[in-house]
Amino acid sequence: MALFAEEHSIPMTHILSFQLNGAPVQALVKPSDSLLDVLREKLDVTSPKRGCDSGDCGACTVLLEGKAVRACLTCALTVENKQVVTVEGLSQDGKLQPLQEAFMAHGGSQCGYCTSGMLISATALLAKSPHPQRQDIAQEMSGNLCRCGCYEEITQAILDTARKGE
Amino acid sequence: MNQYIGKAMPRYDAQGQVTGKVRYVDDIKVPGMKCVKVLRSPVHKGEIRGLDFSRALKVPGVVGFVTAQDIPGKNAYGRFQDMPVLAPENRVRYRGEPIAAVVAADEDTALEALSQVRLDIEEQTPVFDMFEAMQPDAPLVRHDSKSNLWVHYPPDITEVTMVKGQMDEGMNQADQVIEGRYSTGVQDHAPMETNVSVAYRDEMGRLVIHTVSQTIYAHLGMLCAILAMPMSRIRFIGGRVGGAFGGKNDIHTDHIAALAVLKFGHPVKYRLSREEDLQFTTKRGAFVLDFKTGVKNDGRLTACRIDIWHDTGAYAGMSPYGLEKCAMFAPGPYDFPHIKVTARTIFTNRPISSSMRGFSVINGQIASEIHMNRVAEALGMDPWELRFTNAWRDGDQGVTGYKVRGAGALEAMKKAAELAGIKLPDKLMSMSSRGRQAS
Amino acid sequence: MKKTGVGMCLVLHPTGRKGGGDPSQAIIQLKPDGSLFLKVGAVDLGQGALTMLRQVAAEAMDVDIATVYASNRSDDLAPLSAGSAASRVTLVDPHAVMEAAKDLRAKIAAFAAHRLEIDVENVELADGKAFAKDNPHHHMTFADIGMIANLGEGVILVGTGAWQPAPVQGHDPETGYLDQESVISFGCCVAEVAVDTDTGEVEVTKLVQVWEVGKAINPLMVKQQINGGLQIGMGFALRENLFPHYPDPAHGIESLADYSMPTFMDYPPELIHGIEEVPHPMGVKGAKGFSEGSATAPGPAIISAIHDAVGVWIHEVPATPEVVLRALDAKEHGGATDYWSHQDRSAWLA
Ligand code: FES
Ligand code: FES
């Protein structure tokens with residue numbers, strides 16, 4: 001019995017491999033680890049924020065195979081060999097994406113704690129529908145909370161990016 | 001001439017924000033860092049009969065517990081020095097009040113340890129309605145106080161009073177007197193960044209605390225008193241916060257993280273989960289406000305009488321200060337010749353009320369402005385006109401005696417009407433905050 | 001059925017700590033290459049304290065803002081600020097920066113006078129240079145001064161400044177009298193709503209919010225603060241209550257999923273902000289704080305718009321769908337045009 005308990009308490013671990021912002025990474029993970037745990041605690045990628053850890057705020061949003069997902073609700077083991085993109089991977093060769101520029105110009109961030117999640121959700125939205133209407137933006141982005149209340153400025157930044165992308 | 005005042009510019013750190021480079025306290029990692037979690041009261045009010053950590057200490061990875069006995073200095077902090085760091089004298093006064101803290105290898109271990117603590121607590125009768133709490137026979141939230149009312153002016157004045165002119169006389173001059181009772185709920189700041197601290201000793205043995213405090217120097221002073229340490233022994237690092245809205249005007253994690261470092265020596269992180277932050281940190285507390293307004297048929301306000309009750313929860317937080325602010329500004333930006341406001345702060349067995357965006361002014365204003373629109377309705381007058389007639393001009397006097405300078409209420413209203421596409425009569429548009437000519 | 005209505009309100013917000021005792025400090029240092037380092041104590045909660053104070057410093061020193069590096073990191077050698085609270089930073093901290101700039105300008109002028117061999121009264125500082133008033137060609141750049149002072153002559157050029165609006169004061173217990181000026185900002189809000197009389201849901205369809213802020217040091221950030229305050233303001237007025245059965249603590253909110261703070265979907269499709277400026281005599285260039293107030297202004301306008309839509313004054317916030325439905329019910333079944341759900345509690349006060 002004691003032996004069983006001891007064996008049971010040894011965490012099962014697994015070496016997880018996936019593509020992070022275009023480069024291969026590996027991490028030692030437990031089955032209970034979320035993708036957010038792995039990114040923040042194991043790989044020191046801190047742009048996804050732990051706003052709630054329950055899927056309710058969107059601050060941890062990352063791209064998984066091009067789709068916006070909540071890293072806190074994503075079991076780390078499920079991203080094996082997949083592509084994950086965080087805000088750290090949005091700008092290429094030090095050049096900002098138009099969406100990032102638009103966030104800066106329109107004032108899409110105040111405290112900045114929601115900003116990474118907002119940028120990722122907006123990136124996914126623009127990839128899916130390059131010319132969104134106001135209503136589409138409201139709907140698609142409604143899972144991302146901003147307590148500083150930057151919704152209007154973020155909406156303007158997204159509309160502006162879409163306009164310029166034409 | 002380099003001119004920047006008045007220039008719309010992006011945030012200085014905007015590029016850092018949109019590239020994910022900005023570092024917040026929760027992004028800090030220190031080698032050997034342990035996790036702190038807090039054991040909280042499961043009851044609204046009670047006395048702790050037994051607290052047994054023996055089973056919890058056997059959980060692999062547990063370093064130990066911090067209790068009130070480990071506090072080298074004062075087990076009290078806050079603007080009014082009445083909030084305990086950890087349950088004092090084995091008493092708890094609201095559900096979620098911190099009793100002890102565990103230090104462990106990681107969060108799972110810490111939570112496992114907390115579940116193994118044997119807490120024997122004798123539940124006592126709580127009181128939740130502030131009106132009930134004011135009754136002479138109500139259970140006392142604070143066993144050592146005479147009543148559930150905060151003493152605003154020692155030794156025994158529990159009522160805040162603010163007076164301008166002769167309220168009764170003003171009411172007598174009125175053609176109509178309009179009354180109303182209003183109430184506001186309990187709100188959480190819910191900044192996207194929950195309260196968090198990272199603490200450790202530096203190479204000089206100084207205590208380093210990374211904080212999300214809004215009011216660094218006030219909190220540093222409080223920490224010195226709790227830890228019985230001089231300021232030069234504490235390096236208190238802050239400046240960047242992921243939203244606060246008044247919720248980080250009170251210490252929530254720094255003190256406990258610091259105590260953990262002092263006792264065990266390990267670097268620690270103490271971060272509140274969203275659930276803890278929502279339920280157990282300071283709140284915007286509830287108010288009830290009674291308004292009575294005297295007005296002439298031509299719309300000139302003659303007097304107002306306001307009565308305010310504020311539920312501060314189990315401790316004062318910054319509420320007494322906020323209550324005074326509420327009382328001071330509840331009459332609104334209007335030239336009342338006669339005002340009387342009375343207000344009180346009342347303890348109940350719920351989480352502590354303290355500052356939040358619009359701190360208590362918001363509570364007075366929402367009641368006052370709904371009421372003002374009811375006054376306009378009673379007079380059959382346009383709400384804009386009622387306000388243009390009575391809004392402060394330069395030189396008008398507030399209830400605490402100050403003279404208004406740089407008044408801008410009329411200018412704000414004119415612009416709002418214009419942006420809303422509302423055409424105001426020329427009579428109103430020709431008025432200005434610079435003076436009150438007969439209209 | 002959806003019924004629409006419009007409402008307005010006028011609110012105030014006091015800026016700076018009530019009762020005084022509200023100090024801030026700032027430090028500006030001239031670096032060897034002529035660039036400036038600004039150190040302030042104001043915490044940045046997202047309101048943009050550092051950005052705004054850097055603008056004030058660049059203008060006060062009359063230099064290109066790109067040459068001003070700024071930090072608000074509180075650490076060992078950090079100036080004090082009474083805190084980012086009470087909408088005080090815009091009123092108080094710019095004064096500390098102005099004082100620090102004045103101090104540093106005097107030191108730079110004295111150093112330049114000595115190097116240029118002219119009277120200090122004859123020195124003028126402008127656009128990152130020190131020159132003789134009577135002969136502008138006779139000049140040194142801040143880079144020259146920084147280099148020579150720091151590395152050539154072993155001099156440190158640091159300006160310090162501190163300011164507070166008033167010493168600590170208390171109220172007179174009998175009259176409330178307080179010997180302190182209140183600096184007030186003014187907000188006006190107009191809201192349009194659609195009330196769903198079947199569900200009690202209130203949709204804010206348009207909202208105009210204007211603040212008179214004395215002087216907008218950074219109009220982009222003022223805009224953010226005006227539009228941003230609606231988040232907490234709308235939550236306060238319509239949605240958020242940690243104790244939905246207050247004063248009964250039962251069914252208190254425990255998780256974010258149950259705490260319905262406004263989302264993108266709840267912000268009005270038409271959101272208009274306005275900035276009005278009546279310079280306040282106490283502010284730097286007339287500037288005063290206001291940002292807390294942008295959470296205050298939406299509520300009364302929204303509640304009044306609900307009245308305009310359905311004919312009931314709701315006497316409590318948040319006016320959740322349940323409250324709105326009960327109010328409509330009370331009106332329908334008794335003609336009540338005022339609604340307060342806590343009527344039974346009034347007995348305690350009788
Ligand atoms: S942290 Fe993942 S949704 Fe909030
Ligand atoms: S910018 Fe602060 S939460 Fe969005």
Summed residue charge, Cβ within 14 Å of A:G51's Cβ, Lys/Arg positive, Asp/Glu negative: -2
Rg(Cα) / (2.2 N^0.38 Å) computed for region A:98-164, rounded to two decimals: 0.95
Sequence-distant lysines (8 or more away, or on other chains) whose Cα lies within less than 21 Å of C:K3: C:K206, C:K331
Calculated [θ] (222 nm, deg cm²/dmol) that DSSP helices of n ≥ 4 give over the protein assembly as shown, each run adding -39,500 (n - 2.57): -8000 deg cm²/dmol
Alpha carbon convex hull of chain A, volume per residue in cubic angstrom: 119 Å³
Estimated distance in nm for a label pair at C:E174 and B:S145, the labels positioned 7 Å out from Cα along Cα-to-Cβ: 2.6 nm
Cα-centre dipole for region C:17-163 with unit charges at Cβ (Lys and Arg positive, Asp and Glu negative), debye to 20: 520 debye
FRET efficiency, 1/(1 + (r/R0)^6) with R0 22 Å, evaluated for B:A378 and B:N172 via beta carbons: 0.75
Over region A:7-89, relative contact order from alpha-carbon pairs under 8 Å, at least 6 apart, %: 35 percent
Highest-first arrangement of B:65-77, C:112-124, C:276-288, B:280-292, where packing means the average Cβ count within 10 Å: B:280-292, C:276-288, B:65-77, C:112-124
Exposure of C:K18 as accessible area (Å², to 10), given a probe of 1.4 Å and all protein chains: 20 Å²
Cα-centre dipole for the protein assembly as shown with unit charges at Cβ (Lys and Arg positive, Asp and Glu negative), debye to 20: 1100 debye
Peptide C:11-22 - average C-beta neighbours from other chains (10 Å radius): 5
Net lengthening on full extension, A:N81/A:K95 (0.36 nm per residue, minus Cα-Cα): 2.3 nm
Intensity falloff of chain C expressed as log10 I(q)/I(0), Debye formula with alpha-carbon point scatterers, at q = 0.08, 0.14, 0.15 Å⁻¹: -0.54, -1.11, -1.20
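Other chains near A:57-69: what is the mean number of their Cβ atoms within 10 Å of each residue's Cβ?
On the way: counts 6, 2, 3, 0, 0, 0, 0, 0, 0, 0, 0, 0, 0.
Per residue, the number of nearby Cβ atoms from other chains is 1 on average.
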Sequence of B:K37, B:K427, B:K340 from largest to smallest accessible area, 1.4 Å probe: B:K427, B:K340, B:K37
Net charge contributed by nearby residues that have their C-beta within less than 11 Å of B:A378 (K/R +1, D/E -1): -2
Chain pair B, A: total accessible area buried, heavy atoms, 1.4 Å probe, Å²: 2500 Å²
C:D134 accessible area, 1.4 Å probe, all protein chains in place, Å² to nearest 10: 120 Å²
Other protein chain Cβ atoms within 10 Å, averaged over every residue that makes up C:212-221: 5
Contact surface C-B: accessible area buried, both sides summed, square angstrom, 1.4 angstrom probe: 10000 Å²
Residues of region B:61-99 with amide N under 18 Å of a point placed 7 Å along Cα→Cβ from B:R118: B:65
Tail beyond 34 Å, pair distance distribution of chain B (Cα, percent): 44 percent
Rounded to whole Å, sorted largest first: equivalent-ellipsoid semi-axes of region C:17-163, Cα gyration tensor: 30, 14, 13
Accessible surface ranking that places the most exposed of B:L410, C:L77, C:L349 first, with a 1.4 angstrom probe: C:L77, C:L349, B:L410
Test item: Cα-centred dipole of region A:7-89, Lys/Arg +1 and Asp/Glu -1 on Cβ, debye: 160 debye
Measure of compaction for the protein assembly as shown (Cα Rg per 2.2 N^0.38 Å): 0.95
Prolate/oblate/rounded label for region B:187-244 (Cα gyration tensor, a/c 1.5): prolate
B:V151, C:V312, reordered so the largest accessible area comes first (probe 1.4 Å): B:V151, C:V312
Using alpha-carbon coordinates, inclination of helix B:361-379 to the longest axis of chain B, degrees: 20 degrees
Global geometry of region A:7-89, whether rounded, prolate or oblate, following the gyration tensor of its Cα atoms and the 1.5 cut on a/c: oblate
Ordering of B:250-257, B:234-241, B:221-228 by burial proxy (mean other Cβ atoms within 10 Å per residue, highest first): B:250-257, B:234-241, B:221-228
Heavy-atom surface of region C:137-219, accessible at 1.4 Å and reported per residue (Å²): 39 Å²
Scaled radius of gyration (Cα, divided by 2.2 N^0.38 Å) that region C:153-226 gives: 2.02
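The values are calculated or read from the model by the stated rules, or taken from the named source; none is laboratory data. None of the values given here were measured: they were computed from a predicted structure. All Cβ positions, even for glycine, are placed from backbone atoms using ideal geometry, and neighbour counts span all protein chains on display. Keep in mind that these areas ignore ligands, DNA and RNA; they rest on the heavy atoms of the full protein, side chains included. Shrake-Rupley method; radii C 1.70, N 1.55, O 1.52, S 1.80 Å.
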